[in-house]
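The values are calculated or read from the model by the stated rules, or taken from the named source; none is laboratory data. Everything numeric here is computed off the predicted structure, so don't read it as measured data. Neighbour counts run over all protein chains shown; Cβ positions are idealised from the backbone, glycine included.
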Amino acid sequence: MDSKQAGHCPVTGHGQTPLADMTLSNPKIGAQPNAYYQAMRVEDPVHYDEKLGMWLVSRYDDIVTVLRDPLTYSDKHGYAAQYASGFFQEFKAILERDGGGFFPDAIKDDPPAHTRVRRLLDKAFTAHRVATLEPGITAIITRLIEQLADKAANGQVVDGVNDFAIPLTISVICEQLGISQFNSGKIQRWSSAVTAQIGRMQNREQMLDNAAQICDLQNFIIAEMKARETEPREDMISDLVHATLDDGSKLTFAEAVSLIRALIIAGNDTTATAIGNLLFVLATRPEVATALQASVDDERLMNRFVEELLRIEPPVRGLAKMTTREIELGGRLLPKDAHLLVLYASGNDDETQFTCPRNFDLNRSNIGKHVAFGVGVHRCVGASLSRMEIKVAAREVVRRLADIKLAVPVEQIRYQPTVAVRSIERLPLTFTRR
Amino acid sequence: MRGIRVVLIQNDGVARTIDNAAIGVSLMEVGRAEGVDGILGDCGGGCSCATCHVYVDAEWQQRVGPPDDVEIATLDMVSHLQQSNSRLCCQIVLTPELDGLKVTVAPAE
């Protein structure tokens with residue numbers, strides 16, 4: 001469990017396949033991408049993935065360079081080129097017709113426009129505010145775990161993703177936003193539909209289904225906003241509807257819809273992925289389960305456990321940027337309008353930054369150096385909330401459950417077909433009550 | 001209201017003196033607005049990213065005070081850079097008593 005085994009690291013493994021024949025759009029590589037990442041870091045750190053039509057940025061230092069220079073590497077243009085890729089005009093027309101409008105994501109704008117909105121959200125999930133939410137989050141999580149434990153005690157297989165991780169994060173964010181009546185399955189479908197727009201793997205039929213889901217989501221959001229226009233409540237949707245920004249302006253209607261949409265989706269999807277990963281790791285890596293067991297009463301070690309989980313298996317693995325001018329990156333001269341995919345997961349796996357990167361090591365001195373939450377102006381605004389949910393989930397799972405095991409062979413675990421996240425689709429588990 | 005003077009020493013050795021720092025805002029906001037090298041404040045003052053890490057000068061430590069539990073947890077994420085006088089300067093709110101405050105910006109990762 002320590003990183004003092006230099007030279008004896010478990011190797012992420014070069015594949016036998018030449019780099020040119022690999023692509024992240026191949027679902028098999030997408031599911032087990034570390035060999036591809038490592039080959040890129042060693043052979044071609046800013047690598048053109050032909051099938052994807054994107055430059056993959058694989059080394060830690062280059063990733064940080066990109067994220068620290070948001071005017072050269074535009075989030076807005078990178079995102080726009082990724083969004084509903086191949087079907088954008090048709091997608092947009094559907095949302096305008098049936099979904100109240102097409103509302104570009106205000107959080108994916110570039111500075112200075114982005115800064116105005118970002119300052120507002122910065123205040124929503126400070127580490128101090130999130131600390132006050134711990135009892136409520138613990139109550140949600142223990143209730144869910146007890147339900148699962150009952151189910152497992154009856155000999156049923158439990159799905160760690162769909163029965164636990166997803167309803168957990170949906171309950172937490174809905175409570176924050178003030179959505180008291182919600183259908184977890186519906187929000188899950190909305191989330192998949194939104195995240196598929198940056199996944200690069202949907203066909204037209206799927207796009208039509210997803211667009212219909214997003215229309216439904218937006219109509220729901222607009223109704224929630226309208227209900228608070230004249231009668232504000234003590235919740236985050238009310239705060240956004242009535243917010244005054246630092247420059248004295250109000251959010252436009254389109255900005256408010258886009259922000260609430262982003263909070264619902266980003267507030268559940270990626271953290272659910274992390275909690276799915278937590279259960280997968282506990283079921284498949286006994287040394288990690290032992291480390292967690294030994295850490296459960298130590299707040300510092302629990303925080304470190306969460307960071308290391310996020311480093312070793314970051315939910316968001318690749319987000320898009322676009323160059324706004326010709327620029328050299330990692331020894332490669334990129335033209336203006338080069339479409340990049342920043343591989344956060346490869347940065348976290350970079351052996352020049354993290355000794356034995358595949359080792360789960362709570363004692364790393366640079367444990368917070370990972371880029372799972374991003375870096376710079378677009379750094380995850382919900383990082384503290386996400387950490388808290390993962391920490392409480394880890395603590396309560398290990399306190400209440402034992403013998404967590406996969407109920408299927410590990411080869412049968414499937415990942416969502418998308419370049420943006422690495423997310424387990426279903427996680428059949430068995431366990432006992434401790 | 002008249003502001004106060006704060007001094008932030010950058011990693012290149014340059015002392016950045018800010019003469020009219022507003023009372024009631026955080027040292028991070030002042031440093032970031034003035035473009036002090038190494039004061040990034042990615043999370044906007046939420047005490048969650050440790051990109052505004054400074055070392056408080058010995059003579060100011062008592063007046064600035066120690067970090068609370070939440071800040072200690074975030075400082076632990078950069079334990080390779082942490083010292084006994086480490087603070088995240090988004091958590092140092094400027095008051096008249098801090099007129100003359102001097103800190104050194106922690107090195108980048």
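When you scan the range A:350-376, how many residues do you find that are on the phi > 0 side of the Ramachandran plot and away from every other protein chain (no Cβ under 11 Å)?
1
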Query raised in the report: What are the residues in the range B:16-39 that are closer than 15 Å to B:V105 by Cβ, in contact (Cβ under 8 Å) with a residue 12 or more places away in the chain and over 11 Å from the mean Cα position of the chain (by Cα), if any?
Result: B:R16, B:T17, B:I18, B:E34, B:D37
Report task. Might you check whether a residue that is away from every other protein chain (no Cβ under 14 Å) and either part of a strand (DSSP E or B) or within 21 Å of the chain's Cα centre (by Cα) (or both) occurs anywhere in the range A:149-159? Result -> yes
Query raised in the report: From the set of residues in the range B:19-46 that are closer than 14 Å to B:G100 by Cα and part of a strand (DSSP E or B), which is farthest from the other protein chains (Cβ to nearest Cβ)?
Result: B:D19
Query raised in the report: How many residues does the range A:45-99 contain that are acidic (D, E) and part of a helix (DSSP H, G or I)?
Result: 6
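The rows are residues; the columns are (1) buried (at least 19 other Cβ atoms within 10 Å of the Cβ); (2) touching a strand residue (DSSP E or B) at 6+ places or on another chain (Cβ under 6 Å); (3) at pLDDT 95 or above.
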position	(1), (2), (3)
A:H77	no, yes, yes
A:K92	no, no, yes
A:G101	no, no, yes
A:P104	no, no, yes
A:F125	yes, no, no
A:R129	no, no, yes
A:I141	yes, no, yes
Query - helices (runs of 4 or more DSSP H) fully within the range A:219-300 counting 2 or more residues that are closer than 23 Å to B:T74 by Cα and in contact with a helix residue (DSSP H, G or I) (Cβ under 6 Å, 6 or more places away or on another chain) - result: A:269-284, A:286-295
Report summary line: Of (1) buried (at least 16 other Cβ atoms within 10 Å of the Cβ); (2) within 14 Å of chain A (Cβ to nearest Cβ); (3) of a type outside the set (A, V, I, L, M, F, W, C); (4) not in a helix (DSSP H, G or I), B:R16 satisfies every one except (2)
Report summary line: Subset of the range B:55-71, residues within 14 Å of chain A (Cβ to nearest Cβ) and surrounded by 18 or more Cβ atoms within 10 Å (Cβ to Cβ), comes to B:V70, B:E71
Query raised in the report: Which residues, counting only those in the range B:72-86, are of a type outside the set (A, V, I, L, M, F, W, C), surrounded by 18 or more Cβ atoms within 10 Å (Cβ to Cβ) and more than 8 Å from chain A (Cβ to nearest Cβ)?
Result: B:S86
**Report entry** Condition broken by A:L362, with the remaining ones in (1) surrounded by fewer than 24 Cβ atoms within 10 Å (Cβ to Cβ); (2) part of a helix (DSSP H, G or I) satisfied
**Finding:** (2)
